[in-house]
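I have placed the structure first, in the form of structure tokens, so that the comments after it can refer back to it.
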Amino acid sequence: MVLFQARLVKAFQEAGVPIVAGTDAGTSGVVPGFSLHDELELLVAAGLTPREALAAATRLPAVWLGVDQERGTIEIGKAADLVLLDADPLADIANTRRIHGVMLNGRWLDRATLDAMLLDLAAWNTANKDRFTWPPKR
């Protein structure tokens, strides 16, 4: 994180400005999901606690989007989308990378399933990489 950005995060935090994680916002070169781990680590490096960084990626976006009655926290009646980790992210925010499984739309995806999905995606990207270069290859 650039020093200016780290100072800005810290100043916002001290002023009580809600910080919302946003690396999955469709920015070119930013890989949704993977980049969020980097952002959480950068937020902690800038002075947020791991708990505050996790709130920036879960509860606070739901509040900001006005969907906090449906998602953003684990509560009865809310959407059951969540990530189960093999280690405590409050002890070390890098533990968000230690994904055991994901509950998505009521469907459990274990580590083996996630790995298979990633391999399928990598194969598709490799097979189609020339379709997305500029200028297009003919």
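Quick note: the coordinates plus some simple rules give every number you see, no bench work behind them. Computed from a predicted model, the values in this text were never measured in an experiment. Cβ placement follows ideal geometry from the backbone for every residue including glycine, while neighbour counts extend to all protein chains displayed.
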Considering only the other residues whose Cβ falls under 11 Å of the Cβ of ALA122, what net charge follows from Lys and Arg at +1 and Asp and Glu at -1? -1
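Most exposed first by the Cβ proxy, i.e. fewest other Cβ within 10 Å, how do GLU75, GLU39 rank? Intermediate results must be reported in sequence, preceding the final value.
Working: GLU75 11, GLU39 18.
Exposure proxy ranking, most exposed first: GLU75, GLU39.
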Work out the length of the dipole vector of the chain about its Cα centre, built from +1 on the beta-carbon of each Lys and Arg and -1 on the beta-carbon of each Asp and Glu, and round it to the nearest 20 debye. 480 debye
At 222 nm, what value in deg cm²/dmol follows for the chain if DSSP H runs of at least 4 each add -39500 (n - 2.57) and the sum is divided by all its residues, to the nearest 500? -13000 deg cm²/dmol
Any idea what Rg and Dmax come out to for the chain if you just take the C-alpha atoms, in Å? 17.4, 54
With Cα coordinates, the longest principal axis of the chain makes an angle with the long axis of helix 34-45, in degrees rounded to 10, of 30 degrees
Farthest positive-ward along region 3-132 dipole, Cα basis, beta-carbon charges - from GLY22, VAL102, HIS37: GLY22
Based only on other Cβ atoms within 10 Å, what is the fewest-to-most ordering of GLU14, GLU70? GLU14, GLU70
Rank these for me by crowding, ILE99, ILE93, going from fewest to most other beta carbons within 10 Å. ILE99, ILE93
